[in-house]
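To start, the structure under review is shown below, and the notes come after it.
The values are calculated or read from the model by the stated rules, or taken from the named source; none is laboratory data. No experiment lies behind these values; they were computed from the predicted model shown. Cβ: placed from backbone, ideal geometry, glycine included. Neighbour counts: every protein chain shown. Only protein heavy atoms, including side chains, enter the accessible area calculation; ligands, DNA and RNA are left aside. Shrake-Rupley method; radii C 1.70, N 1.55, O 1.52, S 1.80 Å.
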Amino acid sequence: MAIRNIVKKGDEVLRKKCRPVTKFDDRLFQLLDDMKDTLVKADGCGLAAPQVGVLRRIVIIDVGDGPIELINPEIVKMSGRQREVEGCLSCPNEWGYVKRPMKVTVRALNRNGDTVEYQGKELFARAVCHELDHLDGRLFVDIADEMVDPSEMEDRK
Ligand code: ZN
């Protein structure tokens with residue numbers, strides 16, 4: 001088990017476009033395991049590889065049903081709309097309203113290189129969109145239409 005350091009806003013690694021994973025080797029497995037441990041420790045619902053300084057198209061999502069690993073993920077279907085408050089492990093103490101699809105289907109590879117597909121709505125859909133944005137150097141603060149005062153967030157916890 002290894003906890004990796006979470007990169008914070010201002011570091012330019014968060015602004016770069018990530019490359020696809022091409023090698024499914026021990027190094028990838030180690031990274032995936034470390035990302036899962038890091039996400040659990042940070043108590044978030046998603047983590048993207050650039051947040052631990054790795055410019056590869058990998059995200060971990062955990063919205064309460066256990067972690068799922070998405071390698072080279074793509075959203076293949078989306079529908080509906082929602083607008084909810086988001087935060088980010090790389091943007092401590094910042095929250096804001098972001099518009100996202102209500103429902104998404106994401107296709108990716110698992111660590112064995114097999115194609116997998118997951119469908120979900122609400123928090124799952126938000127988490128997937130938020131984490132996939134990280135792979136293209138985008139942060140929620142870029143697209144939030146209204147920021148929320150941190151003191152107001154106390155009531156939501
Ligand atoms: Zn984030």
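In this structure, CYS88 does not satisfy being within 17 Å of ASP136 (Cα to Cα), in contact with a strand residue (DSSP E or B) (Cβ under 7 Å, 6 or more places away or on another chain) and surrounded by 16 or more Cβ atoms within 10 Å (Cβ to Cβ).
The number of residues in the range 115-157 that are assigned to a strand (DSSP E or B) and under 12 Å from ILE75 (Cβ atoms) comes to 4. Only one entry in ARG83, ARG57 is within 13 Å of the chain's Cα centre (by Cα), away from the ligand (no atom under 11 Å from the Cβ) and among the basic types (Lys, Arg), namely ARG57. Could you look through the range 31-48, keep only residues that are closer than 12 Å to VAL59 by Cα and open to solvent by 40 Å² or more (accessible area, probe 1.4 Å), and pick out the one that is farthest from the ligand (Cβ to nearest atom)? Step by step, filter the range 31-48, then rank; the result is ASP33. Residues that are part of a strand (DSSP E or B) and charged (D, E, K, R) within the range 85-114 comprise GLU86, LYS99, ARG100, LYS103, ARG107, listed in sequence order.
When the criteria are applied in full, GLY137 meets the requirement of being out of contact with any strand residue (DSSP E or B) (no Cβ under 9 Å at 6 or more places or on another chain), at pLDDT 95 or above and open to solvent by less than 30 Å² (accessible area, probe 1.4 Å).
Every test in (1) open to solvent by less than 60 Å² (accessible area, probe 1.4 Å); (2) more than 16 Å from the ligand (Cβ to nearest atom); (3) within 23 Å of VAL21 (Cβ to Cβ); (4) not aromatic (Phe, Trp, Tyr) is passed by PRO101 save one, and that test is (3). Please work out if ARG107 is farther than 18 Å from LYS8 by Cα and either of a type in the set (Ser, Thr, Tyr) or away from the ligand (no atom under 16 Å from the Cβ) (or both). Against the criterion (farther than 18 Å from LYS8 by Cα and either of a type in the set (Ser, Thr, Tyr) or away from the ligand (no atom under 16 Å from the Cβ) (or both)), ARG107 qualifies.
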